[in-house]
Amino acid sequence: MAEVAIIVGNPKAGTYGEALAEAYRSGAAAGGHRARVFALSQMRFDPILHEGFSPPQPLEPDLEVAQRAIGAADHLVIIFPLWYGCLPALLKGFLERVLQPGFATVKANTRMGFRPLLTGKSARIIVTMGMPAFIYRWYFGAHALKMLKRNILGFVGFAPIRDLVLGSIETVSNEQRRRWLSEVEALGRLAR
């Protein structure tokens with residue numbers, strides 16, 4: 001059984017991303033895993049890291065709960081819409097606030113000057129977007145996805161990090177949306 005933390009990185013409530021999160025949570029439960037959904041649209045916190053990482057900025061109660069869940073999780077799922085080629089600012093702020101030094105990394109006498117603390121955890125990123133997925137990967141180089149995988153999640157120790165890119169989200173049929181929900185539910189059963 002795995003512990004799963006699911007983050008919905010859309011500041012707007014009632015989105016398809018929340019439906020994807022619920023599908024993943026449902027699949028995880030069916031697979032015998034425990035999963036918890038954190039919809040940023042429902043959380044209250046300041047997304048701005050006002051002084052950088054030093055001194056540490058105290059976490060609001062919603063962030064404390066999310067940080068504990070991520071710390072306890074074996075698997076992290078992040079679901080977000082692609083906005084202007086990147087993740088929503090609220091999601092970036094959430095990650096900066098939660099993945100603080102001391103929780104996500106610690107200074108160490110290594111070549112990099114730090115040691116990641118969130119090792120032994122896997123992650124899945126699910127991105128929705130208006131453009132076709134192959135255009136995002138081929139022409140745009142999937143840079144937001146690469147940044148999140150390498151420069152944030154990989155930096156703090158998550159591995160492996162898998163992804164699912166759902167393109168043309170605004171123009172696909174309801175049947176396609178239902179198929180994607182089923183696919184995400186099946187991924188939840190595996191929780192990896």
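As an exercise: evaluate Ala13 against (1) farther than 22 Å from Ala191 by Cα; (2) small (Gly, Ala, Ser); (3) assigned to a strand (DSSP E or B) and give the number of the one condition it does not meet.
(3)
Looking at Gly32, Gly52, Gly17 in this structure, which one is surrounded by fewer than 17 Cβ atoms within 10 Å (Cβ to Cβ) and touching a residue at least 12 places away in the same chain (Cβ under 8 Å)?
Of Gly32, Gly52, Gly17, the one residue that is surrounded by fewer than 17 Cβ atoms within 10 Å (Cβ to Cβ) and touching a residue at least 12 places away in the same chain (Cβ under 8 Å) is Gly32.
For the range 53-75, does any single residue satisfy the condition of being part of a strand (DSSP E or B) and more than 26 Å from Thr171 (Cβ to Cβ)?
yes
One residue is enough: does the range 101-109 have a residue meeting the conditions touching a residue at least 12 places away in the same chain (Cβ under 8 Å) and surrounded by 18 or more Cβ atoms within 10 Å (Cβ to Cβ)?
yes
Restricting to the range 99-146, count the residues that are outside any loop (DSSP other than H, G, I, E, B), under 20 Å from the mean Cα position of the chain (by Cα) and among the charged types (D, E, K, R).
Going through the range 99-146 one residue at a time, the tally reaches 3.
Can you run down the residue pairs with Cβ atoms below 7 Å, 6 or more apart or on separate chains, where the first is in the range 65-86 and within 13 Å of Leu145 (Cα to Cα) and the partner is part of a loop (DSSP other than H, G, I, E, B) and hydrophobic (A, V, I, L, M, F, W, C)?
Hits for this filter: Phe80/Leu87; Pro81/Met129; Leu82/Met129; Gly85/Phe140.
Just a yes or no: is a residue in the range 159-180 surrounded by 13 or more Cβ atoms within 10 Å (Cβ to Cβ), part of a helix (DSSP H, G or I), touching a residue at least 24 places away in the same chain (Cβ under 8 Å) and β-branched (Val, Ile, Thr)?
no
The numbers here are math on the coordinates, done by the rules we state, and not lab data. This structure is a prediction, so every number in the text was calculated from the model and none was measured. Ideal geometry is used to build each Cβ from the backbone, glycine not excepted, and the neighbour counts take in all protein chains shown.
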